[in-house]
1. Could you check, for the range 45-59, whether at least one of its residues is within 15 Å of the chain's Cα centre (by Cα), surrounded by fewer than 19 Cβ atoms within 10 Å (Cβ to Cβ) and not aromatic (Phe, Trp, Tyr)?
2. Would you point out which residue out of SER52, SER24, SER89, SER41 is among the hydroxyl-bearing types (Ser, Thr, Tyr), in contact with a Lys or Arg (Cβ under 9 Å, 6 or more places away or on another chain) and without any contact (Cβ under 8 Å) to a residue 40 or more places away in the chain?
3. Collect the residues in the range 141-166 that are touching a residue at least 40 places away in the same chain (Cβ under 8 Å) and touching a Gly at 6+ places or on another chain (Cβ under 9 Å), keeping them in residue-number order.
4. Please specify each residue of the range 1-35 satisfying the condition of being over 13 Å from the mean Cα position of the chain (by Cα), within 16 Å of LEU132 (Cα to Cα) and in a strand (DSSP E or B).
Amino acid sequence: MNLPEVFHLHYHVPDVDAAATALSSCGITPVARFGSVEGESVALAPEEDEPSGFRLRLQTNRGGTADVTLTPGPKLAFDHFGVVVEDVSAVVERATARDWSVTENERRTFLVTPWGFRIELQSPDSDLVSELGDPDDCHFREVSLSVPSEARERIDRTIRAVVGDVSNLRVVPLAGSQPAVTEASLAGANVEEQQFEMCVLAE
């Protein structure tokens, strides 16, 4: 990994199975499903049948160092992206100096940016990063964060000042008032020419 680097994307989608099929064509396959039955937490391997009354909370899809979470939702929406950084504490310090909100739990640290999206931080030695595979199998070659054109330079400059020069993140202009991640190009040894965009996940 060329740190800092985007390793994780999280989407809400109306059809998790259809979205997982689209991701699988890019080498990012289901590895686990998490949900509940009558209020009790249930974790399932991809090949396991869902028990009666199972309610899916989220599904993890992974190929190499590319990790995508899918959660059921009424419409397609982007939740956040995750970055592996050398020093989480230093990034948090720079974020709080700019009055960004920071939320943390035992496995994740989130920066709440002033532009309506969150950034998850992970260190190279975290449990989540240790579960990833070989980047030669699959990785995010380029992730495009689409933001209002008038704010693009400021958002790009500020993200890099806080998080660092994220090797595979591009901040690109998009007409409109609400920033959102609208596409992510994926590549690895077995998916050199493939990519997906948010619209594909909704099919």
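We did not get these values from a lab; they are worked out from the coordinates using the rules stated. Predicted, not measured: the structure shown is a model, and the values here were computed from it. Every residue, glycine among them, receives a Cβ derived from its backbone with ideal geometry; neighbour counts consider all protein chains shown.
1. Yes, the range 45-59 contains a residue that is within 15 Å of the chain's Cα centre (by Cα), surrounded by fewer than 19 Cβ atoms within 10 Å (Cβ to Cβ) and not aromatic (Phe, Trp, Tyr).
2. Of SER52, SER24, SER89, SER41, the one residue that is among the hydroxyl-bearing types (Ser, Thr, Tyr), in contact with a Lys or Arg (Cβ under 9 Å, 6 or more places away or on another chain) and without any contact (Cβ under 8 Å) to a residue 40 or more places away in the chain is SER41.
3. ARG141
4. THR29, PRO30, VAL31, ALA32
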